[in-house]
Amino acid sequence: MNIAVCIKQVPDTEGHIDVDRRSGSITSPNLVINPLDVLAVEEAVRIKGQLVDVRVTVVCMGPDIAERALRGALSMGADEAVHVWDEQLVGSDSYVAGRVLATAIGPEQYDLILCGQMAADTQAGQVGAVIAEILEIPLITAVVSIDLNLQSGRMEMQRKVDGGKREVVQTSLPAVLTVESGINKPRYPTLRAIKDAEKKQIEKLNLKALDMSPNEVGATGSLIKVVSVSVAKPSIKNLFVPDSNLLAIDRINILMSGGISDKKAEMILGGLQEAASYFVQFVKERKLL
Amino acid sequence: MSIGRDVLVIAEQHEGELHDVSLELLSEGCRVADELQGELCAVVLGNNVGHLTQPLAKHGADKIYSMENPLLVDYSGEFYTDALSDFIGDLTPKIILCGATSVGSDLASRIAARIGIGLVSNCISIKIDQNDLLFTKATHGNQVHTTFKCASQPQIATFEPGALEVKKIGIAKKIETMNVAASLNPDKQKSKVTGTIQTDLTAMDLSEADVIVAGGKGVGSADNFRLLEDLAYALGGCVAGTRMALDAGWIPSDRLVGQTGSIVRPKLYIACGISGALHHTLGMKNSKTVVAINTDANAPIFRIADVGIVGDLLDVIPSIVEQLLELKAQV
């Protein structure tokens, strides 16, 4: 089985993000592999450990520094790495990224293509769908567990749906799977693995190698364009003045989180049965049962 | 029909019931359609969904399309995308709105990829600047707000349930309802849903729970916490607690709700014996409905509750559980 894993290098969104409103640049001191993509790499390596004859290839589109992300994935146990970059790709949106990755992956090369459900920077969740569409293969999103007992070439998996439920899906292969948090706990690579990963060859692809024209990528080929960026501010529900008895830190926390809006609770002081009936009626009316 | 000015809302239904997010989208769609001077259209997919046109009309839709096919009875990414992509191609709306639910997010990404149109997922707001639509959404771990413009027509945006308000429409409009045939080929289906399972409520991540029953210092003991478990079980929800409950060893650390634990926003949050200290309320204040049970009528928790029950939870909860079980037995 051949598995391709698409990874993206993103600013570490767990840490501080600097936003320059004028230039629209968003920077962070740390660049990491998109956390959900790390889970995709881990899942591929886990499959490799359980089935025979599995090769894992990681594919990344990004500037020269994105090589760090590929080395990171190699140290986790991936076999090969493909680095796609061209100056023309600057300013590409998720749609273009999906098209470029699909072209790099190519039809009929891989049985399984894994991606993270969404990138931590753009929070779009579009790349997996574009790859599946271009390669004309099935797409299963939000996968949280994969059953490796293949039955006549079909794979079974569970995907996360609303209300804490899991949907069991069966698909033919090849397929694109986007993975959600909870699918696994990624390993920490050993020092030895990190050293070995440094020595591995990384295949480099540019637009020419992909046979794509500059017009279909970058800002020209993109379907959505960034107009402006700003530091996120909470949407304040109502003007709220925190109690001056509170600690300064608590007051700051209240304000930063958008304030706490007072609700007028319907108070029930009556008897026990009355209160219970009221509650049951209430949840029934609000369709919370 | 005004070409390229209409707003299309993809309504979501489960087992013949409309998802609330569809009404929220209609309210927002109404505003956008007015500004664009276009019409507000809604499309609903399923089997025998004719009765849903009424609530859609009440919330401002000018035209309602229904696509009925036994293959569309439950959500299937492949069938829904096939059916909707052709339909959208014919309708040519300016903008398509869809809920950022698990169904809507999956569907929107597929439609955008299929037709090759711009997608802005988990939008916060839409503004109209002359003839362009500007979409703002949170990015970079919600630390940044980015505003996008789509180069494509139509364009598609998703909104999280609860992000928009439902507005009541006063006047009943004259509406058009139309059936659209969906041509689907079941032989082409490559992936299919074979079942749905409920995850273990004691292991489920709190952020996924629709109902949370939380206890604080007022619960009193680990034994009393069992009552909360009974209530959670009867409602199909998860048990959680405050820092006090964690320190007392009544709940495991992954069940802590508060600033240093999980930040949750379930549909129903039941606070039992919780006074409402800031550490805790900052973790649950965005819950859709809050019910508080406390002996102290002056507890701060009542200030953010929709329903307050002043009483001893040791009496109130068993009584509620009893009534809930009776109700279930009747169904």
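What ³J(HN,Hα) values, in whole Hz, does the Karplus curve 6.51 cos²θ - 1.76 cosθ + 1.60 give for region A:108-115 when θ = phi - 60°, with x put for Gly and Pro?
Rounded to whole hertz, the list is 6, 8, 10, 8, 9, 10, 10, 9.
Summing Lys, Arg as +1 and Asp, Glu as -1, what charge do residues with Cβ under 14 Å from the Cβ of B:Asn224 carry, B:Asn224 excluded?
Taking every other residue near B:Asn224 into account, the sum is -3.
Specify which residue in the list A:Ala78, A:Leu139, A:Ala104 is farthest towards the positive end of the charge dipole of region A:2-221, using unit charges on the beta carbon of Lys, Arg (+1) and Asp, Glu (-1), about the Cα centre.
The listed residue farthest towards the positive side: A:Ala78.
Choose one of B:Pro93, B:Thr146, B:Leu107: the residue whose Cα lies farthest towards the positive end of the charge dipole of region B:7-188 (beta-carbon charges +1 Lys, Arg; -1 Asp, Glu; about the Cα centre).
Sorting the options by dipole projection puts first B:Thr146.
Across peptide A:129-140, how many C-beta atoms of other chains are within 10 Å of each residue C-beta, on average?
Counting Cβ atoms of other protein chains within 10 Å of each residue's Cβ and averaging gives 5.
Keeping the other protein chains in place, figure out the carbon and sulfur percent of the accessible area of the protein assembly as shown, with a 1.4 Å probe.
The computed percentage sits at 50.
Count, for each residue of B:283-294, the Cβ atoms from other chains sitting within 10 Å of its Cβ, then give me the mean as a whole number.
Counting other chains' Cβ atoms within 10 Å and averaging over B:283-294 gives 3.
Would you work out the charge dipole size for the protein assembly as shown about its Cα centre, treating the Cβ of every Lys and Arg as +1 and the Cβ of every Asp and Glu as -1, and quote it to the nearest 20 debye? Don't skip to the answer; put the middle values down first.
On the way: 58 positive and 75 negative charges, 178 e Å.
Dipole magnitude for the protein assembly as shown comes out near 860 debye.
Less than 14 Å Cβ to Cβ from A:Leu70, Lys/Arg counted +1 and Asp/Glu -1: what total charge do the surrounding residues give?
-2
Highest first, please rank the peptides A:222-229, B:175-182 by the mean number of other Cβ atoms sitting within 10 Å of their residues. Display every interim value, and only then the final one.
Numbers: A:222-229: 18.8, B:175-182: 14.2.
Top to bottom by mean Cβ count within 10 Å: A:222-229, B:175-182.
Using only Cα atoms, tell me the angle between helix A:35-50 and the longest principal axis of chain A; keep it within 0 to 90° and round to the nearest 10.
60 degrees
Can you work out the Karplus-derived ³J(HN,Hα) for every residue in region B:181-191? Use 6.51 cos²θ - 1.76 cosθ + 1.60 with θ = phi - 60°, whole Hz, and x for glycine or proline.
Ordered by residue, 3J(HN,Hα) equals 7, 10, 9, 10, 10, x, 6, 7, 5, 9, 10 Hz.
Could you list the trypsin sites (Lys or Arg not before Pro) in region B:122-174 that lie in coil according to DSSP, counting only those with at most 12 other Cβ atoms within 10 Å of their Cβ?
Here the trypsin sites (Lys or Arg not before Pro) that fit, given the DSSP loop and packing criteria, are B:Lys168, B:Lys173, B:Lys174.
A:Glu108 to B:Ser253: FRET efficiency via 1/(1 + (r/R0)^6), r the Cβ-Cβ distance, R0 60 Å, to the nearest 0.05? Don't skip to the end; give the middle numbers.
Details: r = 48 Å, r/R0 = 0.79.
It comes out at approximately 0.80.
At 4 °C and a viscosity of 1.567 mPa s, what translational diffusion coefficient does Stokes-Einstein give for the protein assembly as shown, taking Rh as the Kirkwood radius over Cα pairs? Give it in µm²/s as a whole number.
It diffuses with D of about 50 µm²/s by this estimate.
Measuring from a point 7 Å past the Cα of B:Arg265 along Cα-to-C-beta, which residues in region A:121-149 have an amide N at less than 13 Å?
Inside the label zone: nothing.
With a 1.4 Å probe on protein heavy atoms only, work out how much accessible surface A and B bury together, total over both chains, in Å² to the nearest 100.
6900 Å²
Note down the magnitude of the dipole of chain A about its Cα centre, charges +1 on Lys and Arg C-beta and -1 on Asp and Glu C-beta and zero elsewhere, to the nearest 20 debye.
Dipole magnitude for chain A comes out near 580 debye.
Put +1 on the Cβ of each Lys and Arg and -1 on the Cβ of each Asp and Glu in region A:2-221; which of A:Val127, A:Ser94, A:Gly164 then has its Cα farthest toward the positive end of the dipole?
A:Gly164
From the Cα gyration tensor of region A:2-221, with a ≥ b ≥ c the square roots of its eigenvalues, which class applies: rounded if a/c is under 1.5, or else prolate if a/b is larger than b/c, or else oblate?
Rounded, since a/c falls under 1.5.
Once the Cβ-Cβ distance between A:Glu87 and B:Asn142 is put in as r, and R0 is 35 Å, what FRET efficiency do you end up with, to the nearest 0.05?
Efficiency, from the Cβ-Cβ distance: 0.70.
Which cross-chain or sequence-distant (5 or more) residues have an amide H under 5 Å from the amide H of B:Gln189, H modelled 1.01 Å from N in plane?
It is none; the list stays empty.
Give the angle, between 0 and 90 degrees and rounded to the nearest 10, that separates the Cα long axis of helix A:272-285 from the longest principal axis of the Cα atoms of chain A.
Between helix and principal axis, roughly 40 degrees.
Hey, what do the phi angles of region B:192-197 turn into as Karplus ³J(HN,Hα) couplings, whole Hz, using 6.51/-1.76/1.60 and θ = phi - 60°, x for Gly and Pro?
8, 7, 9, x, 10, 10
Round to the nearest 10 and give me the degree value, 0 to 90, for the angle of helix B:77-91's Cα axis relative to the longest principal axis of chain B.
40 degrees
To the nearest Å, what is the center-to-center distance of region B:238-294 and region B:161-215, using C-alpha atoms only?
27 Å
Once you put a point 7 Å from the Cα of A:Val52 and another 7 Å from the Cα of A:Ile65, both along the Cβ direction, what distance in nm separates them?
Reported label-point gap for A:Val52 and A:Ile65 is 4.5 nm.
For a Förster distance of 25 Å, can you work out the FRET efficiency between the beta-carbons of A:Lys287 and B:Val193, rounded to the nearest 0.05?
0.55
Note the full-extension length gain between A:Leu148 and A:Asn245 as 0.36 nm times their separation in residues minus their Cα-Cα distance, in nm to one decimal.
29.1 nm
Just to be sure I understand the model, the point goes 7 Å from the Cα along the line to the Cβ. What's the resulting A:Lys225 to B:Ile128 distance in nm?
2.1 nm
What does the charge count around B:Pro252 come to, taking other residues whose C-beta lies under 14 Å from its C-beta (Lys +1, Arg +1, Asp -1, Glu -1)?
Net local charge, B:Pro252 excluded: -3.
State the antiparallel share, in %, of DSSP beta bridges confined to region B:33-154, rounding to the nearest 5. List each step's numbers first, then the result.
On the way: 12 of 18 bridges.
If I count the DSSP bridges inside region B:33-154, around 65 percent turn out antiparallel.
Give the peptides B:56-68, B:230-242 in descending order of average Cβ contacts within 10 Å, highest first.
Output ranking for B:56-68, B:230-242: B:230-242, B:56-68.
Between A:Lys208 and A:Ile194, what is the label-point separation in nm under the 7 Å Cα-to-beta-carbon projection?
My value for the distance between the label points is 3.7 nm.
Taking each residue in A:155-163, count the Cβ atoms of any other chain within 10 Å of its Cβ, then average. What number comes out?
5
Please list A:121-132, A:78-89 highest first by mean number of surrounding beta-carbon atoms within 10 Å per residue. Let's see the in-between values first.
Numbers: A:121-132: 26.2, A:78-89: 19.8.
So the order, starting with the most tightly packed, is A:121-132, A:78-89.
The values are calculated or read from the model by the stated rules, or taken from the named source; none is laboratory data. Not measured: the values here are computed from a predicted model. Here Cβ is always computed from backbone atoms with ideal geometry, including for glycine, and neighbour counts include all displayed protein chains. Please note that ligands, DNA and RNA were not included when accessible areas were found on the heavy atoms of the full protein model with its side chains. Shrake-Rupley method; radii C 1.70, N 1.55, O 1.52, S 1.80 Å.
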